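Worksheet: one structure, shown below.
The values are calculated or read from the model by the stated rules, or taken from the named source; none is laboratory data. Not measured: the values here are computed from a predicted model. Backbone-built Cβ (ideal geometry, glycine too); neighbour counts: all protein chains shown.
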């Protein structure tokens, strides 16, 4: 008969029970943390959906993640559609591949940064956007689409946008120190009814004049320095099998020191560049 005691049997019964209880507690805590994590993810994702729902949007959140340590929230595969018929017509279905919100650590939960990847809607797309509130905005791969009657493809393809906020008080937050737009291509389309998109320029000009004369929240933001670089301008006739003529313009438009009155002047100079390219294309 083996009288030797194993290490386990050598422990008093009370100690064995304590070790077992500690082991069970570890398991319960681990399971609880995993369950809590899943619940928090679902609750916050539902809260995001509810908040957007109150603003008139129906959304589905694919994946949700968060980091209390880094003070970050991540959302992947967000799909939404407005419940407003006018907005449905304007935006269609909105899709976002990835959104990251970073908080600055203050008690009032101010957002310290926003990162967006893969935004797509009826009005256009954004490949990548980084926002640091009250400091900077950087966009890569931005397209604004033509109206459906003009083909619905990109009207403006922008390589990059760089925006720097001016160091002013919060109530003057619409003021920017510098905006640079690197436009790779502008696509001007003639629809099947024989109407060029540029035929609406007089109406756009009137709208800008109204906005510039208003003194309300609808005012154009103040900009100290605005630079627009234009690479090419393409002209497409949908009535002629979609024939396209591309004109290299490589022009830069700059407006400095005119923070309140830049909009109309810059608009007319862009139209001048388009008109020159149209003449060069013999259209």
message = Among the listed residues 139, 186, identify the single one that is farther than 25 Å from residue 280 by Cβ and in contact (Cβ under 8 Å) with a residue 12 or more places away in the chain.
response = 139
key: Subset of the stretch 254-269 [surrounded by fewer than 18 Cβ atoms within 10 Å (Cβ to Cβ) and without any contact (Cβ under 8 Å) to a residue 60 or more places away in the chain]   = 254, 256, 257, 258, 260, 261, 264, 265, 269
note = Filtering the stretch 256-273 down to residues that are assigned to a helix (DSSP H, G or I), more than 20 Å from residue 158 (Cα to Cα) and touching a helix residue (DSSP H, G or I) at 6+ places or on another chain (Cβ under 8 Å) yields 264
inquiry  = Any residue in the stretch 79-100 that is more than 23 Å from residue 147 (Cβ to Cβ) and not assigned by TED's automatic domain parsing to the domain that holds residue 145 sitting within a Cβ distance under 7 Å of a residue that is at pLDDT below 75 and surrounded by 12 or more Cβ atoms within 10 Å (Cβ to Cβ)? List the pairs, counting only those 6 or more apart or interchain.
reply    = 79/59
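Considering each residue of the stretch 238-255, count those that are more than 22 Å from residue 159 (Cβ to Cβ) and either out of contact with any strand residue (DSSP E or B) (no Cβ under 7 Å at 6 or more places or on another chain) or assigned to a strand (DSSP E or B) (or both), and give that number.
Of all residues in the stretch 238-255, those more than 22 Å from residue 159 (Cβ to Cβ) come to 238-243.
Okay, now just the ones that are also either out of contact with any strand residue (DSSP E or B) (no Cβ under 7 Å at 6 or more places or on another chain) or assigned to a strand (DSSP E or B) (or both), so 240-241, 243.
Matching residues across the stretch 238-255 total 3.
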